[in-house]
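Report on the following structure.
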Amino acid sequence: MKEGVDNQSTAAAISAYLQQRGAHRWGSMWQAQLAALEEEYGSPGVSAETGCGASTILLSRLSLKHTAFCYDDRGHENSSVDFVRKAPVFDASRVQFCFGPTQLTLRTFEFDEKLDFVLLDGPHAFPFPELEYYFIYPHLKSGAILAVDDVHIPTLFNLYRFLREDDMFSFVRKVENIAIFRRTERPTFDPLGDGWDIQAYNRRRFPLLGLDDRIARYVPKWINHLTPPAWRAAVRAMLLRSRS
């Protein structure tokens, strides 16, 4: 139980606030996702997130120090920042807002402490989730939680698939559309280097072949020679249709 949240968990208290007030302009996490983050966080630490909403309220209660990288949308209808600030359980004393596009603010922000928890929930268009990840991952300490929201969106799903196979992370669980990972003890991948060939995601897929090449890998040459070209063309067309 968190101090000042009576007989409810923080996630339950935020859920009650959501049910009473409704979601803000960017939507909101609901109790199942918030409860999962609350359960996985562990001891209070230093956290950061891209985006702003119910998770900001949660992290204001769970963290000793939290930074929210988001737009200052006060003045807009159903502002997400106002939604956070007006929540009865929001602890403003622990939260620093860094307003502006995360494409710019993360690049220039000076992290003076390693991070125990990070939530990526900023702009979802390519390549912005990867850009946020790039500026954040070197600051994660071993054992830290990295959560990625909205992995049902293809651009976020791409990042999710990469993290599922990366040696720096172990997959914890997926709750609705949020995926939760834990930083392993593996050394931090050099953010100023290359080394694409040591990343598990690349090792397992290299080289990427065309459809004909992939079929040929599994079909003995003698069978290929005996198959009429029209049949081979029909099989290729069928496979291409199944992928579209």
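With the structure loaded, tell me whether Arg173 is exposed (fewer than 13 other Cβ atoms within 10 Å of the Cβ) and farther than 23 Å from Val46 by Cβ or whether it fails that test. When the stated conditions are applied, Arg173 does not pass them.
Quick check: anything in segment 33-50 closer than 17 Å to Asp150 by Cβ, in contact (Cβ under 8 Å) with a residue 60 or more places away in the chain, touching a Phe, Trp or Tyr at 6+ places or on another chain (Cβ under 6 Å) and in the same structural domain as Ser142 (by TED's automatic domain parsing)? Yes: one or more hits. Where helices (runs of 4 or more DSSP H) sit wholly within segment 77-175, those with at least 3 residues that are at pLDDT 95 or above and of a type in the set (Phe, Trp, Tyr) occupy 128-136, 154-165.
Restricting Arg214, Arg205, Arg232 to those that are assigned to a loop (DSSP other than H, G, I, E, B), of a type in the set (Lys, Arg) and modelled with pLDDT under 95 reduces the list to Arg205.
Conditions tested, residue by residue: (1) in contact (Cβ under 8 Å) with a residue 24 or more places away in the chain; (2) within 25 Å of Ala36 (Cβ to Cβ); (3) surrounded by fewer than 17 Cβ atoms within 10 Å (Cβ to Cβ).
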| site | (1), (2), (3) |
| --- | --- |
| Asp73 | yes, no, no |
| Ser80 | yes, yes, no |
| Asp91 | yes, yes, no |
| Phe99 | yes, no, yes |
| Asp112 | no, no, yes |
| Phe117 | yes, yes, no |
| Ala125 | yes, no, yes |
| Tyr133 | yes, yes, no |
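Of everything in segment 61-76 that is out of contact with any strand residue (DSSP E or B) (no Cβ under 8 Å at 6 or more places or on another chain) and assigned to a strand (DSSP E or B), the residue that is nearest to Ala11 (Cα to Cα) is Arg74. Report yes if some residue within segment 183-202 is under 14 Å from the mean Cα position of the chain (by Cα), surrounded by 15 or more Cβ atoms within 10 Å (Cβ to Cβ), at pLDDT 95 or above and in the same structural domain as Ser28 (by TED's automatic domain parsing); otherwise report no. Yes; the residues of segment 183-202 include at least one that is under 14 Å from the mean Cα position of the chain (by Cα), surrounded by 15 or more Cβ atoms within 10 Å (Cβ to Cβ), at pLDDT 95 or above and in the same structural domain as Ser28 (by TED's automatic domain parsing).
The values are calculated or read from the model by the stated rules, or taken from the named source; none is laboratory data. Worth saying up front: this structure is predicted, and the values here are computed from it rather than measured. Here Cβ is always computed from backbone atoms with ideal geometry, including for glycine, and neighbour counts include all displayed protein chains.
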